[in-house]
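Just below is one structure, and these are the notes that go with it.
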Amino acid sequence: MDGSEQMSGHTTGSSDPVVTGALPSDDPESDDALLVRFAKGDRVAAHRLNTRLTPRAFAVAVRVLGDRAEAEDVAQEAMLRLWRMAPNWEPGAARVTTWLYRVTMNLCIDVRRRSRGRSVGLDEVPEPEDGARDVPAQLQDKSRADALQVALMQLPDRQRQAVVLRHLEELANPEISAIMEISVEAVESLTARGKRALAALLAGQHAELGYNDG
Amino acid sequence: MADTTHEIDELTAFFDAAKREAPRPAMTVLAQVAADAEQVQSSWESADADIDPEQAGVTATQHRGSAWFADSGIWQQFRAGLGGWAGLGGLATACAAGVWIGFSPPSQWPDPVGIMIQSGVEVDYFESEETAFLLSVEEG
């Protein structure tokens, strides 16, 4: 993973996000370094980037789209664009993950636009399982995760994107700002509104999901 | 619309559960991404082979495999024998999938290296340069 860096959230009009203050990592296993090696034909670098980044693109796409099959297509396309872009990558100019998340989000937006008018039926999203008081922790986690996904799909697209990036991908607001091409203040507003909406949607399910066991 | 701090704090349990249950891509997706990477890198190497290194003033090391690919006649015959670019693409996909599975076998599959180590079977790990290369970069 790239080392932690202080970032501001300004972007250029180009497709490549520029996060001021980002410094090239000295770690030869950083995303930055691996991408440079990939561009030189390093197959090991290709494997490591694939292992590290494809799951992240996929997880974000699943949470934003609520459809696993579409998320697979999005993740594959996003990674293909990363491979093709690699020779033009400027080490230290931005985080690789910021670039990848932005491409993934834009692809998700395209998918959502094509399916506009076809609402994501709850049948397409896993239903939360009935929770018994003594359900194993793993099943309980899955139930809560599924319930959260159902609620996420009821948020407006931009709120869902912001909440997923902030609270599930655990990105800092400046990086989210660069990914979504909005101000940091707009990110904070979207996540706050999204969380309030989620809280309301999930408020009635705590007992069913065994929540009160702490 | 509920906006109590308590209810928003309770969201943390849902977020934590969702992070522990993060959706993971199928092996087929990872294999396809690996195949795409191989195709892209191979296309660069093929493009490099069209450039005469001496005229371009670049060193041989900057054209990986150029000693092989520089002879365009052999390369064209090789490619034709595989069924053209489509066949070459299929071969690249199969190879990449195999390399991927070798690096990261599915969790339900036994680790072949681990089995060899545990069974005490003696294997000449360095019987080929390729094996030595793979083992030298295998993540611990």
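The values are calculated or read from the model by the stated rules, or taken from the named source; none is laboratory data. None of the values given here were measured: they were computed from a predicted structure. Neighbour counts run over all protein chains shown; Cβ positions are idealised from the backbone, glycine included. Accessible surface areas use protein heavy atoms only, side chains included; no ligands, DNA or RNA. Shrake-Rupley method; radii C 1.70, N 1.55, O 1.52, S 1.80 Å.
Loop-resident trypsin sites (Lys or Arg not before Pro) (DSSP state other than H, G, I, E or B) in region A:64-120 with no more than 16 further Cβ atoms inside 10 Å of their Cβ: A:116, A:118.
Spin-label model, residue A:192/residue B:45: points 7 Å from Cα along the beta carbon direction are separated by 5.5 nm.
If you sort A:144, B:24 by accessible surface, 1.4 Å probe, largest first, the order is B:24, A:144.
In order along region A:186-195, phi translates into HN-Hα couplings of 5, 4, 4, 5, 5, 5, 5, 5, x, 5 Hz, rounded to whole numbers, per the Karplus curve 6.51 cos²θ - 1.76 cosθ + 1.60 with θ = phi - 60° and x for Gly and Pro. If you place +1 on the Cβ of every Lys and Arg and -1 on the Cβ of every Asp and Glu, how big does the dipole about the Cα centre of region A:26-91 come out, in debye to the nearest 20? For region A:26-91, the charge dipole is close to 180 debye. You can think of it this way: the chain between residue A:84 and residue A:115 has 8.4 nm of extra reach, that is 0.36 nm per residue less the Cα-Cα gap.
Can you sort A:115, B:43 by 1.4 Å-probe accessible area, starting with the largest? If you can, show how the numbers build up before the last one.
On the way: A:115 15, B:43 60 Å².
The ranking, largest first, comes out as B:43, A:115.
Take residue B:44: with every protein chain present and a 1.4 Å probe, its accessible area is about 60 Å².
Note on residue A:34: accessible area approximately 0 square angstrom, rounded to 10, probe 1.4 Å, nucleic acids and ligands left out.
Buried area at the B:A interface is about 4000 square angstrom, summed over both chains, from accessible surfaces computed with a 1.4 angstrom probe. Full extension of the chain between residue A:27 and residue A:200 gives 57.9 nm of extra length, using 0.36 nm per residue less the Cα-Cα distance. The lysines whose alpha-carbon is closer than 30 Å to the alpha-carbon of residue A:142, local same-chain residues fewer than 8 away aside, are A:195, B:19. Converting phi to 3J(HN,Hα) with the Karplus coefficients 6.51, -1.76 and 1.60 and the offset θ = phi - 60°, region B:37-46 yields 4, 5, 4, 5, 5, 5, 5, 5, 5, 5 Hz in sequence order, with x at every glycine or proline.
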